[in-house]
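Novice: Sharing a structure below in structure tokens format, with a few things to ask.
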Amino acid sequence: MSPALKALVAQIAGWIAAFALARSGVLPAGPWTLVATQALGAAAAAAALRSAHWWLPIHLAFTPLAIAARTLNLAPGWYLAAFCILLFIYWTSFRTQVPLYLSNRPTADALAGLLPERPASMLDIGAGTGSLLRRLAALRPDCRFRGVELAPGPWLAGRLLLAGRTQVEWRRADLFSEPWADYDLVYAFLSPVPMAAVWQKAVAEMRAGSLLVSNTFGIPGHEPDLVVEVADRRATRLLAWRIPPRHAPK
Ligand SMILES: C[S@@+](CC[C@H](N)C(=O)[O-])C[C@H]1O[C@@H](n2cnc3c(N)ncnc32)[C@H](O)[C@@H]1O
């Protein structure tokens, strides 16, 4: 079951539990008792469905906050506006399970050190606002860069940020629908969820000897050939795999 579906099922289970207890007379009367029971029931259901642990506080807070927000008497348009802004920024994160967060400057500098000394090419898969490519383009004017980003908000920000940078190609596309064959380095800062699929595509398409670099997230069953420890506050690790020849054992 996808995390979004689990969340929906957990919320519904919480309401069923709360109404069943209320009807049986076990619960003291009052709307907040019902709400608190629903929240506890939803969190328990999420735990039973093995949702990631950070879903539990979300389930505990969701209905109480939704009910409390009604007391603010905000016009419904504000909720719609907030939803549209979040959709613009995060788009299909509920499906890809890759939210937006950005590589910092020390990471960009360390990544520049992994590019070949000769003029080279690099692809950022899930390129966010293009801030990483902007820094790299300044550090390596001899190189060619391409960024693919799916969410419209970050893509638009990147379009503006990279305007006039002719060495950076900026595309709105799904990273899995783009060819990866033409690059010396493919960079991923995603989440644990797509990493197995990223590896499959990398070994199927990337040139032997080119580098797949992942910020933070490993690939199940594949130790990196190189690890770069970045001297930043979040102790970023760049994990790099040298792509083997097509028919070598993986
Ligand atoms: C953690 S951010 C990394 C941004 C940038 N690469 C950086 O390091 O600063 C991941 C980005 O990948 C995008 N993304 C997630 N799944 C994607 C997909 N299937 N195709 C293209 N972009 C995707 C998200 O919208 C998000 O902006």
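Novice: Could you calculate the contour length gain from SER177 to SER191, that is, 0.36 nm times the residue separation minus the distance between their Cα atoms, to one decimal place in nm?
Specialist: 3.2 nm
Novice: Return one number: the angle in degrees, 0 to 90 and rounded to the nearest 10, between the long axis of the Cα atoms of helix 3-24 and the longest principal axis of the Cα atoms of the chain.
Specialist: Its long axis makes an angle of about 10 degrees.
Novice: Run lengths n ≥ 4 of DSSP H only: what is the helix-derived mean residue ellipticity at 222 nm for the chain, with -39500 (n - 2.57) per run over all residues, to the nearest 500?
Specialist: Computed mean residue ellipticity for the chain: -14000 deg cm²/dmol.
Novice: ³J(HN,Hα) across the range 134-150 via Karplus (A = 6.51, B = -1.76, C = 1.60, θ = phi - 60°), whole Hz, x for Gly/Pro?
Specialist: Coupling constants for the range 134-150: 4, 5, 5, 5, 6, 6, 10, x, 7, 9, 10, 10, 9, x, 10, 9, 8 Hz.
Novice: Just check the range 3-73 against the gyration tensor rule for me: Cα atoms, a ≥ b ≥ c as the square roots of the eigenvalues, rounded for a/c under 1.5, and otherwise prolate or oblate depending on whether a/b exceeds b/c.
Specialist: Oblate shape, in that a/c is at least 1.5 and b/c is the bigger or equal ratio.
Novice: Could you work out which residue, out of ARG234, ARG23, ARG146, moves most in a Gaussian network model of the chain, that is, has the largest mean-square fluctuation with Cα springs under 10 Å?
Specialist: ARG23
Novice: Okay, next question. Which whole-angstrom value gives the distance between the alpha carbon centres of the range 106-150 and the range 155-181?
Specialist: 11
Novice: Then there is this: How do the peptides 127-134, 164-171, 193-200 rank, highest first, by the average count of neighbouring beta carbon atoms within 10 Å per residue?
Specialist: 127-134, 193-200, 164-171
Novice: Under the definition of Cα pairs under 8 Å and six or more residues apart, what whole-number percent is the relative contact order of the chain?
Specialist: With pairs under 8 Å counted, the relative contact order is 13 percent.
Novice: Putting +1 on Lys and Arg Cβ atoms and -1 on Asp and Glu Cβ atoms, find which of ALA13, LEU226, GLY128 reaches farthest to the positive end of the dipole of the chain.
Specialist: ALA13
Novice: If the only charges are +1 at each Lys and Arg Cβ and -1 at each Asp and Glu Cβ, what is the size of the charge dipole of the range 105-242 around the Cα centre, to the nearest 20 debye?
Specialist: Value, rounded to 20: 400 debye.
Novice: Which one of ALA202, PHE62, ALA163 is farthest out on the positive end of the charge dipole of the chain, using unit charges on Cβ (Lys, Arg +1; Asp, Glu -1) and the Cα centre as origin?
Specialist: Among ALA202, PHE62, ALA163, the one farthest towards the positive end of the dipole of the chain is PHE62.
Novice: Further question on the same structure: Which whole-number percent gives the relative contact order of the range 3-73, counting Cα pairs below 8 Å spaced six or more residues apart?
Specialist: 35
Novice: With only Lys, Arg, Asp and Glu charged, each at its Cβ (+1 for the first two, -1 for the last two), find how big the charge dipole of the chain is about the Cα centre; round to the nearest 20 debye.
Specialist: That gives a dipole near 300 debye.
Computed from the coordinates by the stated procedures, all read-outs in this text should not be read as laboratory data. Computed from a predicted model, the values in this text were never measured in an experiment. When we count neighbours, we look across all protein chains shown, and the Cβ atoms used for this are built from the backbone with ideal geometry, even at glycine.
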